[in-house]
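The values are calculated or read from the model by the stated rules, or taken from the named source; none is laboratory data. Because the structure is a prediction, the values reported are computed rather than measured. In this analysis, Cβ positions are derived from the backbone assuming ideal geometry, glycine residues included, and neighbour counts consider all displayed protein chains.
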Amino acid sequence: MARLLQDPLANVSAVNSDNAINFGMGDGDDVGYGFQFEPVYSLPAPEWGVNFLPRAIVPIVGAPPGSDFPRLGEERPSGGDTTFGLSDIQAQLFVSPTGGGAWKWGAGPQISLRSRTDSKVGGPGWGGGPVGVIVGGAGPWSFVTIAGNIWGQDGFNTGFLQPMVFYNFETIPGAYVGYNNAIAADWDASSDNRLTVPLGLSAGKTFALGGGYGLSVGAGAYGFPVKPDGGAEWQLKFGITMVFPR
(Lines give C-alpha, C1' and ligand atoms only; values in the text may rest on other atoms or scores of the structure.)
Protein backbone atom coordinates (compact mmCIF):
# COMPACT_ATOMS: atom_id res chain seq x y z
CA MET A 1 0.00 0.00 0.00
CA ALA A 2 2.92 2.37 0.70
CA ARG A 3 4.30 1.79 -2.81
CA LEU A 4 0.81 2.31 -4.22
CA LEU A 5 0.51 5.73 -2.58
CA GLN A 6 3.91 6.74 -3.93
CA ASP A 7 2.54 6.27 -7.45
CA PRO A 8 0.34 9.15 -8.75
CA LEU A 9 -0.79 6.85 -11.59
CA ALA A 10 -1.92 3.96 -9.39
CA ASN A 11 -5.44 2.56 -9.42
CA VAL A 12 -6.42 4.06 -6.08
CA SER A 13 -9.13 6.05 -4.35
CA ALA A 14 -7.69 8.38 -1.69
CA VAL A 15 -7.80 11.78 -0.07
CA ASN A 16 -4.39 13.29 0.58
CA SER A 17 -3.43 16.32 2.63
CA ASP A 18 -0.09 18.01 1.93
CA ASN A 19 0.60 20.69 4.50
CA ALA A 20 3.45 23.05 5.39
CA ILE A 21 4.33 25.52 8.13
CA ASN A 22 6.75 28.08 6.70
CA PHE A 23 9.15 30.03 8.92
CA GLY A 24 10.95 33.31 8.25
CA MET A 25 8.48 34.78 5.77
CA GLY A 26 7.43 38.28 4.83
CA ASP A 27 8.06 41.64 6.46
CA GLY A 28 8.91 40.52 9.97
CA ASP A 29 10.23 36.95 10.05
CA ASP A 30 6.63 35.68 10.18
CA VAL A 31 5.07 32.22 9.95
CA GLY A 32 3.03 31.26 6.90
CA TYR A 33 0.79 28.28 6.34
CA GLY A 34 -0.17 26.16 3.37
CA PHE A 35 -2.72 23.35 3.60
CA GLN A 36 -3.71 21.32 0.54
CA PHE A 37 -6.43 18.70 0.25
CA GLU A 38 -6.08 16.45 -2.78
CA PRO A 39 -8.84 13.93 -3.59
CA VAL A 40 -7.71 11.34 -6.16
CA TYR A 41 -9.77 8.73 -8.02
CA SER A 42 -8.61 6.57 -10.90
CA LEU A 43 -10.91 5.64 -13.80
CA PRO A 44 -9.58 2.66 -15.80
CA ALA A 45 -10.61 2.57 -19.47
CA PRO A 46 -9.19 -0.76 -20.71
CA GLU A 47 -11.19 -0.58 -23.94
CA TRP A 48 -9.10 2.48 -24.87
CA GLY A 49 -5.86 1.18 -23.37
CA VAL A 50 -5.54 4.07 -20.89
CA ASN A 51 -6.32 5.07 -17.33
CA PHE A 52 -7.86 8.44 -16.47
CA LEU A 53 -6.65 9.91 -13.18
CA PRO A 54 -8.43 13.10 -12.14
CA ARG A 55 -7.38 14.88 -8.97
CA ALA A 56 -8.10 18.22 -7.36
CA ILE A 57 -5.85 20.51 -5.32
CA VAL A 58 -7.78 22.56 -2.77
CA PRO A 59 -5.36 25.03 -1.11
CA ILE A 60 -5.97 26.89 2.15
CA VAL A 61 -3.34 29.55 2.83
CA GLY A 62 -2.20 31.68 5.76
CA ALA A 63 -0.21 34.51 4.13
CA PRO A 64 1.79 36.99 6.26
CA PRO A 65 2.26 40.52 4.88
CA GLY A 66 5.13 40.77 2.42
CA SER A 67 5.37 36.99 2.00
CA ASP A 68 6.00 35.14 -1.24
CA PHE A 69 4.34 31.80 -2.01
CA PRO A 70 5.60 30.71 -5.45
CA ARG A 71 2.41 28.89 -6.41
CA LEU A 72 0.39 32.03 -5.64
CA GLY A 73 2.30 34.37 -7.93
CA GLU A 74 3.49 37.82 -6.90
CA GLU A 75 4.48 38.80 -3.36
CA ARG A 76 1.70 39.50 -0.83
CA PRO A 77 1.16 43.21 0.00
CA SER A 78 3.10 44.63 2.97
CA GLY A 79 1.40 45.73 6.17
CA GLY A 80 -1.50 44.32 8.12
CA ASP A 81 -1.96 40.85 9.59
CA THR A 82 -1.69 37.31 8.29
CA THR A 83 -4.57 36.55 5.93
CA PHE A 84 -6.19 33.11 6.00
CA GLY A 85 -8.47 31.81 3.29
CA LEU A 86 -9.21 29.48 0.42
CA SER A 87 -6.94 30.05 -2.58
CA ASP A 88 -7.66 29.13 -6.21
CA ILE A 89 -8.58 25.46 -6.66
CA GLN A 90 -6.78 23.50 -9.36
CA ALA A 91 -7.95 20.37 -11.15
CA GLN A 92 -5.62 18.00 -13.01
CA LEU A 93 -6.34 15.10 -15.35
CA PHE A 94 -3.63 12.56 -16.15
CA VAL A 95 -4.15 10.18 -19.07
CA SER A 96 -1.81 7.21 -18.71
CA PRO A 97 -1.33 4.32 -21.18
CA THR A 98 -1.82 0.88 -19.65
CA GLY A 99 0.75 -1.87 -19.97
CA GLY A 100 3.66 -3.41 -18.15
CA GLY A 101 7.17 -2.15 -17.58
CA ALA A 102 9.16 -0.65 -14.73
CA TRP A 103 8.34 2.90 -15.83
CA LYS A 104 5.09 4.56 -16.82
CA TRP A 105 3.94 8.05 -17.66
CA GLY A 106 0.86 10.22 -17.79
CA ALA A 107 0.03 13.68 -19.11
CA GLY A 108 -2.91 15.98 -19.51
CA PRO A 109 -4.40 19.38 -18.75
CA GLN A 110 -4.72 21.29 -15.51
CA ILE A 111 -7.13 24.14 -14.91
CA SER A 112 -7.40 26.78 -12.21
CA LEU A 113 -10.69 28.04 -10.80
CA ARG A 114 -10.98 31.51 -9.29
CA SER A 115 -12.19 30.28 -5.89
CA ARG A 116 -10.19 32.61 -3.61
CA THR A 117 -11.86 34.09 -0.57
CA ASP A 118 -9.41 37.04 -0.44
CA SER A 119 -7.11 38.59 -3.03
CA LYS A 120 -4.16 38.18 -0.63
CA VAL A 121 -4.42 34.39 -0.86
CA GLY A 122 -5.22 34.28 -4.57
CA GLY A 123 -3.25 32.33 -7.18
CA PRO A 124 -3.69 31.96 -10.96
CA GLY A 125 -7.37 32.89 -10.93
CA TRP A 126 -8.95 31.53 -14.11
CA GLY A 127 -6.22 29.71 -16.03
CA GLY A 128 -4.70 26.46 -17.18
CA GLY A 129 -1.74 24.63 -18.63
CA PRO A 130 -0.15 21.20 -19.15
CA VAL A 131 1.00 18.72 -16.49
CA GLY A 132 2.86 15.42 -16.75
CA VAL A 133 4.26 12.67 -14.55
CA ILE A 134 6.83 9.87 -14.83
CA VAL A 135 6.85 6.98 -12.33
CA GLY A 136 9.35 4.16 -11.84
CA GLY A 137 11.12 2.02 -9.32
CA ALA A 138 13.98 -0.37 -8.62
CA GLY A 139 14.10 -2.65 -5.60
CA PRO A 140 13.10 -0.68 -2.49
CA TRP A 141 13.33 2.63 -4.38
CA SER A 142 10.44 4.57 -5.90
CA PHE A 143 10.96 7.52 -8.27
CA VAL A 144 8.37 10.08 -9.32
CA THR A 145 8.59 13.38 -11.17
CA ILE A 146 5.61 15.67 -11.73
CA ALA A 147 6.08 18.81 -13.84
CA GLY A 148 3.77 21.45 -15.23
CA ASN A 149 3.13 25.09 -15.96
CA ILE A 150 0.04 27.19 -15.45
CA TRP A 151 -0.94 30.52 -16.96
CA GLY A 152 -3.57 32.66 -15.32
CA GLN A 153 -4.94 36.15 -14.89
CA ASP A 154 -2.87 39.32 -14.49
CA GLY A 155 0.24 37.81 -16.07
CA PHE A 156 0.39 34.75 -13.82
CA ASN A 157 2.95 32.31 -15.26
CA THR A 158 4.39 29.71 -12.89
CA GLY A 159 6.06 26.36 -13.49
CA PHE A 160 6.87 23.59 -11.06
CA LEU A 161 9.01 20.47 -10.93
CA GLN A 162 8.25 18.02 -8.12
CA PRO A 163 10.84 15.23 -7.88
CA MET A 164 10.07 12.49 -5.36
CA VAL A 165 12.46 9.76 -4.25
CA PHE A 166 11.40 7.16 -1.67
CA TYR A 167 13.40 4.39 0.00
CA ASN A 168 11.05 1.76 1.43
CA PHE A 169 12.40 -0.22 4.39
CA GLU A 170 11.95 -3.94 3.80
CA THR A 171 12.46 -4.69 7.50
CA ILE A 172 9.72 -2.20 8.54
CA PRO A 173 6.80 -2.75 6.15
CA GLY A 174 5.17 0.51 5.11
CA ALA A 175 7.99 2.75 6.41
CA TYR A 176 9.92 5.02 4.07
CA VAL A 177 12.33 7.96 3.92
CA GLY A 178 12.95 10.27 1.00
CA TYR A 179 12.56 13.63 -0.71
CA ASN A 180 9.13 15.04 -1.55
CA ASN A 181 8.88 18.74 -2.37
CA ALA A 182 8.45 21.07 -5.33
CA ILE A 183 10.86 23.40 -7.13
CA ALA A 184 8.89 26.39 -8.40
CA ALA A 185 9.62 29.09 -10.95
CA ASP A 186 7.66 32.35 -11.13
CA TRP A 187 8.47 33.34 -14.71
CA ASP A 188 6.89 36.77 -14.22
CA ALA A 189 9.32 37.68 -11.40
CA SER A 190 12.80 39.19 -11.72
CA SER A 191 15.66 36.73 -12.23
CA ASP A 192 16.87 36.95 -8.61
CA ASN A 193 13.33 36.30 -7.29
CA ARG A 194 12.26 33.64 -9.75
CA LEU A 195 13.20 30.29 -8.22
CA THR A 196 12.24 28.48 -5.02
CA VAL A 197 14.38 25.40 -4.32
CA PRO A 198 13.79 23.26 -1.19
CA LEU A 199 16.33 20.80 0.25
CA GLY A 200 15.54 18.33 3.01
CA LEU A 201 14.07 14.92 3.87
CA SER A 202 10.73 13.36 4.72
CA ALA A 203 9.83 10.12 6.48
CA GLY A 204 6.58 8.29 7.08
CA LYS A 205 4.67 5.06 7.43
CA THR A 206 1.61 3.50 5.85
CA PHE A 207 -0.80 1.34 7.81
CA ALA A 208 -3.21 -1.19 6.30
CA LEU A 209 -6.47 -0.95 8.25
CA GLY A 210 -8.23 -3.91 6.65
CA GLY A 211 -11.09 -4.08 4.20
CA GLY A 212 -9.13 -2.08 1.62
CA TYR A 213 -8.75 0.92 3.91
CA GLY A 214 -5.37 2.42 4.71
CA LEU A 215 -3.75 5.37 6.43
CA SER A 216 -0.42 7.01 5.61
CA VAL A 217 1.29 9.65 7.77
CA GLY A 218 4.52 11.49 7.06
CA ALA A 219 6.57 14.55 8.01
CA GLY A 220 9.73 16.33 6.92
CA ALA A 221 11.87 19.44 7.22
CA TYR A 222 13.19 21.51 4.31
CA GLY A 223 15.36 24.59 3.96
CA PHE A 224 15.42 26.98 0.98
CA PRO A 225 18.92 27.79 -0.27
CA VAL A 226 17.30 29.54 -3.24
CA LYS A 227 14.18 31.63 -2.61
CA PRO A 228 12.53 34.91 -3.56
CA ASP A 229 12.35 37.95 -1.28
CA GLY A 230 9.69 37.28 1.35
CA GLY A 231 9.93 33.51 0.84
CA ALA A 232 10.32 31.03 3.69
CA GLU A 233 13.71 30.33 5.22
CA TRP A 234 12.62 26.78 6.08
CA GLN A 235 9.49 24.71 6.52
CA LEU A 236 7.99 21.76 8.33
CA LYS A 237 5.88 19.51 6.09
CA PHE A 238 3.36 16.94 7.21
CA GLY A 239 0.79 14.87 5.42
CA ILE A 240 -2.03 12.44 6.08
CA THR A 241 -3.57 10.23 3.39
CA MET A 242 -6.68 8.11 3.74
CA VAL A 243 -7.10 5.21 1.30
CA PHE A 244 -10.56 3.84 0.46
CA PRO A 245 -11.45 0.45 -0.99
CA ARG A 246 -12.16 0.17 -4.72
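Would you check if residue 111 is touching a Gly at 6+ places or on another chain (Cβ under 8 Å) and of a type in the set (Val, Ile, Thr)?
Yes.
With the stretch 176-235 as the region, which strands (runs of 3 or more DSSP E) entirely inside it contain at least 1 residues that are surrounded by fewer than 16 Cβ atoms within 10 Å (Cβ to Cβ)?
195-210, 213-226
Among 62, 32, which is the only one that is without any contact (Cβ under 8 Å) to a residue 60 or more places away in the chain and either in a strand (DSSP E or B) or in contact with a strand residue (DSSP E or B) (Cβ under 9 Å, 6 or more places away or on another chain) (or both)?
From the options 62, 32, the qualifying one is 62.
Go over the candidates 101, 137 one by one and state the one that is in a loop (DSSP other than H, G, I, E, B), within 20 Å of residue 3 (Cα to Cα) and more than 18 Å from the chain's Cα centre (by Cα).
101
Name the residues in the stretch 81-100 that are within 21 Å of residue 129 (Cβ to Cβ), touching a residue at least 40 places away in the same chain (Cβ under 8 Å) and hydrophobic (A, V, I, L, M, F, W, C), would you?
Correct list: 93, 94, 95.
Among the hydroxyl-bearing types (Ser, Thr, Tyr), within 13 Å of residue 121 (Cβ to Cβ) and surrounded by fewer than 20 Cβ atoms within 10 Å (Cβ to Cβ) - does that describe any residue in the stretch 48-67?
So far as the stretch 48-67 goes, no, none of its residues is among the hydroxyl-bearing types (Ser, Thr, Tyr), within 13 Å of residue 121 (Cβ to Cβ) and surrounded by fewer than 20 Cβ atoms within 10 Å (Cβ to Cβ).
State all residues of the stretch 41-75 that are small (Gly, Ala, Ser) and in contact with a helix residue (DSSP H, G or I) (Cβ under 6 Å, 6 or more places away or on another chain); if no residue qualifies, say none.
If the condition is that a residue be small (Gly, Ala, Ser) and in contact with a helix residue (DSSP H, G or I) (Cβ under 6 Å, 6 or more places away or on another chain), then 63 is the only one that fits.
Kindly indicate the residue of the stretch 101-127 that is farther than 22 Å from residue 164 by Cβ and without any contact (Cβ under 8 Å) to a residue 24 or more places away in the chain and also surrounded by the most Cβ atoms within 10 Å (Cβ to Cβ) among those meeting that condition.
Among them, the one singled out is 111.
Filter the stretch 11-26 down to the residues that are crowded, with 19+ Cβ neighbours inside 10 Å and either aromatic (Phe, Trp, Tyr) or within 24 Å of residue 170 (Cβ to Cβ) (or both), then identify the one that is modelled with the highest pLDDT.
14
Of all residues in the stretch 65-98, which are farther than 21 Å from residue 228 by Cβ and part of a loop (DSSP other than H, G, I, E, B)?
Within the stretch 65-98, 81, 98 meet the criteria.
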